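Take a look at the structure below.
The values are calculated or read from the model by the stated rules, or taken from the named source; none is laboratory data. Remember, predicted model here, so these are calculated numbers, not experimental data. Reconstructed Cβ throughout: ideal geometry from the backbone, glycine too, with neighbour counts over all protein chains shown. Keep in mind that these areas ignore ligands, DNA and RNA; they rest on the heavy atoms of the full protein, side chains included. Shrake-Rupley method; radii C 1.70, N 1.55, O 1.52, S 1.80 Å.
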Amino acid sequence: MVNPSPARGGESTAPHILPNEMENDVDKRIATPPPAPAGSDVIADVVGDFGIWQLRTILIIFLCKIPAAWFMACIIFTGPELYPGSEFTCDTSYLTSSSNSSFSISDNQCYVLDESTGTSSECEQFNYVSSFDSLIMQFNLVCLRDIFVAWTQYWHLFGVLVGGVMGTKMMLGISPRSTYCVGAVAQILCGVVTGYARDFSLHCAFRCLSAVCCAIMFTAGQAIFADITAGMHRIGAIILYDTFWSIGVILLPGLSSFFNSWSLIYVGITFPTIMLILLLYWTPDSPRWLLRHAADRFSIDNVEQILREGAAINDRSFKIPPDFRQQLEQLSERLKAQPPPAPWTELWKGKRAKTHMVAAHLALAFFVINFMGMLLNIRSFGRDYLVPNTIAMGFSEIIGCFLALHFTLKHNKWKWQCAGVFNILAGILGCMGWIFTNADSMDADLKVSLWMIIATIPKAAVSCAQSMILACMNELMPANKKQLFVFSVVTWARVWLLSAPFFNVLRKIDTAMSLTSYCVFSILGGICTSLLLTPRLSVSPVVPHLEQRNTKEQSPLNAPVWTVESDVNNTRL
């Protein structure tokens with residue numbers, strides 16, 4: 001009951017509320033949460049920035065990087081170098097059958113000398129003696145044809161370029177989860193054909209298609225986990241995405257040891273993808289993509305079901321508001337009404353925009369060439385050391401990713417400069433291989449160990465900078481330019497990645513030559529990275545109005561954490 005009374009002097013004229021009415025009012029406020037402010041993100045409010053649901057999804061999606069690494073690096077074990085004289089010899093039967101002349105063969109088994117005329121020609125037919133049926137034996141890729149080993153790798157990297165663009169374009173009309181599934185199924189089919197192709201051109205074509213499928217998978221997968229995470233959790237997930245690539249590199253020698261044929265290796269690295277398809281049952285689709293493309297109420301129902309499941313797994317069901325469905329519909333309308341991204345020419349306009357455009361494009365191009373090429377370059381350190389060297393490279397990549405995470409979390413203001421200086425110093429160290437490259441009297445094991453020391457440190461530095469750029473480069477641009485900026489930088493880098501296999505041919509001149517070329521790229525990439533600088537915006541803290549609804553929220557484990565709202569945030573690649 002309200003008892004009005006006249007106001008006297010400075011007394012308040014507020015109505016007097018009886019105790020039982022106060023209790024009813026409190027119960028009503030507890031039962032009915034306040035309406036969501038305009039522009040709020042109900043998805044983040046319900047499932048949170050990170051939890052068990054997001055962790056499960058991330059780990060499942062991360063697994064797609066393992067077969068992607070296998071398809072890229074399998075050439076190390078499907079095409080190991082053969083020793084002339086002991087494992088392959090020139091077969092001159094195709095010459096002696098048509099001529100009575102006598103022929104002699106060069107020590108490297110690559111040239112045939114006609115003793116009667118004194119002319120030499122390249123050997124065209126070989127005999128092989130090896131317990132492993134390699135790709136080189138299948139297509140006669142010895143001697144001058146060794147360049148075709150790099151040619152097969154070129155087509156794989158071209159497939160990565162095409163797959164990244166195709167995956168991005170597919171997601172304009174197909175959901176990320178469906179795109180991921182299409183890539184996985186196609187990869188199984190193309191992988192098997194790649195292994196059993198007996199024509200070199202057909203092998204290269206299907207190796208390219210397999211790479212397209214791998215790129216579609218990890219492009220769509222990143223779109224999913226970047227959508228259901230937020231803040232530093234999203235940055236950390238993108239940075240650590242490549243750690244499972246490195247795990248694949250580490251596992252590859254063990255997997256290859258079970259097979260005695262290059263065809264069987266391809267089958268072995270293809271069929272684990274079947275498990276990834278089965279795990280899609282526990283992989284959600286991108287909620288915001290579904291809302292942006294929602295055509296009817298069933299699409300909203302699907303998103304609501306996904307988010308309710310995520311909230312239940314994260315133990316946040318109490319965060320679901322009564323008007324949850326209405327808020328999802330409002331969010332769908334806001335996403336559909338978003339303005340289109342800025343045109344590419346607009347990326348060059350703004351404070352430090354030109355510097356960031358040039359530096360980011362060049363830096364990532366240098367680093368991806370180095371990242372892929374240096375791994376394949378371990379073939380130049382000798383076939384007998386492929387297994388330990390491959391494993392060492394994998395671990396150095398993992399160390400680099402965690403260093404990138406450390407720089408981002410602990411030295412965020414100067415993270416670009418930390419990664420840049422690290423690459424400059426590591427690149428200088430890698431160029432020191434010329435000191436002992438001609439030391440023929442040095443013990444072979446010691447020499448290879450020194451090679452690997454000066455190779456793994458630049459590899460860790462490159463992994464650090466590359467993962468940091470991929471995760472944080474969208475900080476350099478305003479919100480309406482982020483997505484196009486990331487697409488431009490990544491696509492540009494993958495175009496230049498096509499040159500990586502051919503730098504390994506420099507090992508024919510000297511082992512230090514190919515390694516030095518990659519280390520020079522590390523130095524140049526480090527200089528470009530040091531020029532990047534995340535814009536700093538001064539904003540006031542946003543303290544949301546919170547009301548405790550039940551005793552569970554009173555637990556210190558569920559206490560709110562105040563954050564600072566900023567226009568500098570991360571969006572998915």
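Quick notes
- Label zone at residue 384, where the point sits 7 Å out along the Cα-to-Cβ direction: the stretch 42-84 residues whose backbone N lies under 19 Å: 77, 80-84
- Given (1) -0.29, -0.77, -0.90; (2) -0.38, -0.86, -0.97; (3) -0.20, -0.68, -0.85, the label whose value is log10 I(q)/I(0) by the Debye sum over Cα atoms at q = 0.05, 0.09, 0.10 Å⁻¹ derived from this model: (1)
- Going by accessible surface with a 1.4 Å probe and the largest first, 508, 319 read 508, 319.
- Estimated from the Cβ-Cβ distance and a Förster radius of 51 angstrom, the FRET efficiency linking residue 326 and residue 199 is about 0.30.
- Residue-averaged 222 nm ellipticity for the chain, from DSSP H runs of 4+ at -39500 (n - 2.57), nearest 500: -19000 deg cm²/dmol
- Helix 386-410 vs. the chain, principal-axis angle (Cα, 0 to 90°, nearest 10): 30 degrees
- Crossing angle, helix 297-313 versus the chain [Cα axis fit, 0-90 degrees, rounded to tens]: 90 degrees
- Surface/4 of the Cα convex hull for the stretch 341-534, nm²: 10.7 nm²
- Local net charge near residue 370, Cβ-Cβ under 14 Å (Lys/Arg +1, Asp/Glu -1): 0
- In order along the stretch 328-340, phi translates into HN-Hα couplings of 5, 5, 5, 5, 4, 5, 5, 5, 5, 8, 4, x, x Hz, rounded to whole numbers, per the Karplus curve 6.51 cos²θ - 1.76 cosθ + 1.60 with θ = phi - 60° and x for Gly and Pro.
- Whether the stretch 298-366 is rounded, prolate or oblate, judged on the alpha carbon gyration tensor where a/c under 1.5 counts as rounded: prolate
- Scoring 207-216, 222-231, 480-489, 429-438 by mean Cβ neighbours within 10 Å over their residues and listing the highest first yields 207-216, 222-231, 480-489, 429-438.
- With 22 Å as the limit, the listed pairs 351/482; 354/410; 349/481 have 354/410 beyond it between alpha carbons.
- For the chain, the longest principal axis of the Cα atoms and the long axis of helix 19-31 meet at an angle of about 20 degrees.
- Among 470, 189, the order of accessible area from largest down is 189, 470, computed with a 1.4 Å probe on protein heavy atoms.
- Cα gyration tensor shape of the stretch 331-428, rounded if a/c is under 1.5, else prolate or oblate by comparing a/b with b/c: prolate
- Chymotrypsin sites (Phe, Trp or Tyr not before Pro) restricted to the stretch 233-283 and DSSP loop, no more than 11 other C-beta within 10 Å: 258
- Distance between modelled label sites at residue 125 and residue 495, nm, 7 Å Cα→Cβ extension: 4.6 nm
- Per-residue surface analysis assigns residue 356 an accessible area of about 0 Å², computed on protein heavy atoms at 1.4 Å probe radius.
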